[in-house]
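The structure under discussion appears below in the form of structure tokens.
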Amino acid sequence: MRSSPFESLDTGLIKGHSYAEAGQGARIDKIKVTAQDEKGQSWPVIEIPEEQWPQTNTLFFEVTVQELPRGQQMTITTTVSFTAADGSPVDRTVADRWPP
């Protein structure tokens, strides 16, 4: 049996939660999730806010993945925009790779 180098992994939906918590005197302004593969292609992300308070935020997300070439990964990134206690804007970003 031969294998084509163009075989893809049909993955469907990647589901997860992003959490943010602001420090003393700071507040959360926005939380955003993005997904991008190794070739720079962006994948659609559905974001559903679950908890929205000035100090804590929880966001449920789904990434719609149609086909991802075998052996490649996608990076799912959460960016949280805060306003610090002194009024200055602060962004924090965390990224994870999928599949692990």
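Relative contact order of the chain, taken over Cα pairs closer than 8 Å and 6 or more residues apart, is 32 percent.
Between Gln66 and Leu13, the simple spin-label model (points 7 angstrom out along Cα→Cβ) gives 1.8 nm. Applying both filters, DSSP loop and at most 14 other Cβ atoms within 10 Å, to the GluC sites (Glu not before Pro) of segment 19-74 gives Glu38, Glu67.
Roughly speaking, what is the stretch gain from Lys39 to Gln73, that is 0.36 nm per residue apart minus the C-alpha to C-alpha distance, in nm to one decimal? Separation in residues times 0.36 nm, less the Cα-Cα distance, equals 11.3 nm.
Of the listed values [x] 13.7, 40; [y] 16.7, 65; [z] 16.8, 52, identify the label whose number matches Rg and Dmax of the Cα atoms in Å calculated from this model. Computed from these coordinates, Rg and Dmax of the Cα atoms in Å corresponds to label [y].
Candidates Ser88, Tyr19, Gln36 compared by Cα position along the dipole of the chain: farthest toward the positive end lies Gln36, with charges placed on Cβ. Sum up the charges of everything whose Cβ sits under 15 Å from the Cβ of Ala35, counting Lys and Arg as +1 and Asp and Glu as -1, but leave Ala35 out. Once all neighbours under 15 Å are counted, the net charge is -2.
FYI, it's all coordinate maths here, none of it is from the lab. What you see is a predicted model, and the numbers here were worked out from it, not measured in a lab. Glycine gets a Cβ as well: all are built from the backbone with ideal geometry, and neighbour counts include every protein chain shown.
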